[in-house]
Every structure is written in structure tokens, then in C-alpha cells.
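Just below is one structure, and these are the notes that go with it.
The values are calculated or read from the model by the stated rules, or taken from the named source; none is laboratory data. Predicted model only: the values in this text are computed from it and were never measured. So basically every Cβ, Gly included, is an ideal-geometry build from the backbone, and we count neighbours across all protein chains shown.
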Amino acid sequence: MKKFSLFLLTILLSILVAGLYGILHDQVTYTICPEYYTKFKFIQFGLADETTALLQPSPRQLVAIIGFLATWWTGIFIGIGLGLTALIFKEATAMFRAIVWPSGG
């Protein structure tokens, strides 16, 4: 049961890390080229239309939402792969160590 709980926790944390990566990545991208969001991404994700994209009170919040929505699902695949690989260990503590510090040391 502990190993299964750790497997599920691995997936959940992988989703959160992937989402955070997307948020940070999109914040940097918005800094470089805000028009990419105001003229394309806001509209693509249905958060604004062409006329209101430039009038958003806090476009960085919308950029964070877009970043999370665009990347959270990759964490599912990463978490499943990492969790299934770590299931080869017999004990939950060894499994946890392998997930947290994959080099084994």
C-alpha cells in the first residue's frame, strides 16, 4: 500500500512540477514577446478575444494559467514512467530514495 501511495504521489508531484515549469517558461516568453499571447495564446485558450486581449487587468496571471494548462499533462507521463520504474524496489523507502535521488547515492 505504501508503494502504491508513493506511486500516486509521484504522479501528482510530477504534474505540479511540469505545471510550474510551464508557468515560468511562459512568463519568460511573455517578457520577450507579449504579442504572442495577446494576439494568439489568449485567444487560443479562450481567455480573451481579439478586442479584449490588450485590455486585461493582469495579463501575467493569464499567462500563468496558460503555462500551467499547456504543460501539466506532461507530468502524468513523467510521473507514471518514474513511478513504474521505481516499483522495481521491494521496499517503499528504497523506492522513495530512487525517486528523489535517481543516481542511487
Scan region 47-84 residue by residue and report those that are at pLDDT 85 or above and polar (S, T, N, Q).
61, 71, 74
Somewhere in region 1-10, is a residue part of a helix (DSSP H, G or I) and either modelled with pLDDT of 95 or more or farther than 30 Å from residue 94 by Cβ (or both)?
no
Hey, any hits in region 92-105 for a residue that's farther than 22 Å from residue 7 by Cα and touching a helix residue (DSSP H, G or I) at 6+ places or on another chain (Cβ under 8 Å)?
no
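Please verify whether region 58-67 includes one or more residues that are in a loop (DSSP other than H, G, I, E, B) and touching a residue at least 12 places away in the same chain (Cβ under 8 Å).
Looking only at region 58-67, we keep the residues that are in a loop (DSSP other than H, G, I, E, B), and these are 58.
Those still in the list that are touching a residue at least 12 places away in the same chain (Cβ under 8 Å) too: none.
No, region 58-67 has no match at all.
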With the requirement that a residue be assigned to a helix (DSSP H, G or I) and farther than 26 Å from residue 76 by Cβ, what does region 19-35 give you?
31, 32, 35
Scan region 88-105 for residues that are more than 23 Å from the chain's Cα centre (by Cα) and modelled with pLDDT of 80 or more and report the count.
7
Taking region 1-26 as the region of interest, how many residues are surrounded by 14 or more Cβ atoms within 10 Å (Cβ to Cβ) and of a type in the set (S, T, N, Q)?
2
Consider only pairs whose beta carbons are under 6 Å apart and that are at least six residues apart or on different chains; among these, list those whose first residue lies in region 87-105 and is over 16 Å from residue 13 (Cβ atoms) and among the hydroxyl-bearing types (Ser, Thr, Tyr) and whose second residue is surrounded by 15 or more Cβ atoms within 10 Å (Cβ to Cβ) and at pLDDT 80 or above.
none
